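Trainee: Please read through the structure below; I'll follow up with questions.
Coordinate-derived values only; no laboratory data. If you're wondering where the values come from, they're calculated on a predicted model, not measured in any experiment. Every residue, glycine among them, receives a Cβ derived from its backbone with ideal geometry; neighbour counts consider all protein chains shown.
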Amino acid sequence: MGADGMPAIRAEFSEAAQITTRFLRQDLEALEFVLTADLPEGTLLRLVEDDANRGLDHDPTDAGAAVFLREVADTLRSVVETAR
């Protein structure tokens, strides 16, 4: 994860939630789907490293990517629930 890490991600979510939580709820639903889906090997890692542009220096595997994505989902869920 970059130097900004999860606090920066939370701040971005919180800023977006001030306007609407609609898209955040959609993002959360998508994250929950990919975390429970039976995906081809390497899919989660590519989602994190390529699509989200986040390096996983400590555990560059699907398992490491899943940990990161769960943390993002938990953060997103918390922001959405707080904004209600």
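Trainee: With a cap of 11 neighbouring Cβ atoms within 10 Å, and only residues DSSP puts in a loop, list the GluC sites (Glu not before Pro) found in the chain. Walk me through the intermediate numbers first.
Mentor: Numbers: sites: Glu12, Glu15, Glu29, Glu32, Glu41, Glu49, Glu71, Glu81; in loops: Glu41.
Sites meeting the loop and neighbour criteria: Glu41.
Trainee: Among Thr36, Thr21, Thr61, determine the one that fluctuates most according to a GNM of the chain built with springs between C-alpha atoms less than 10 Å apart.
Mentor: Result for the chain, Cα springs under 10 Å: Thr36 fluctuates most.
Trainee: Suppose R0 equals 41 Å. What FRET efficiency, 1/(1 + (r/R0)^6) with r the Cβ-Cβ distance, do Gln26 and His58 give to the nearest 0.05? Please report the intermediate quantities before stating the final value.
Mentor: Values: r = 29 Å, r/R0 = 0.71.
E between Gln26 and His58, to the nearest 0.05, is 0.90.
Trainee: Taking Rh as the Kirkwood radius computed over C-alpha pairs, what is the Stokes-Einstein D of region 5-83 at 25 °C in a medium of viscosity 0.890 mPa s, expressed in µm² per second?
Mentor: On the way: Rh = 12.9 Å.
This corresponds to a translational diffusion coefficient of 190 µm²/s.
Trainee: Could you put Ile9, Ile19 in order, starting from the residue whose Cβ has the fewest other Cβ atoms within 10 Å? Present the calculation step by step, with values, prior to reporting the outcome.
Mentor: On the way: Ile9 19, Ile19 10.
With the sparsest Cβ surroundings first, the list reads Ile19, Ile9.
Trainee: Mind putting a number on the dipole of the chain about its Cα centre? Charges go on the C-beta only, +1 for Lys and Arg and -1 for Asp and Glu, and I need it in Debye to the nearest 20.
Mentor: Working: 8 positive and 17 negative charges, 87 e Å.
That gives a dipole near 420 debye.
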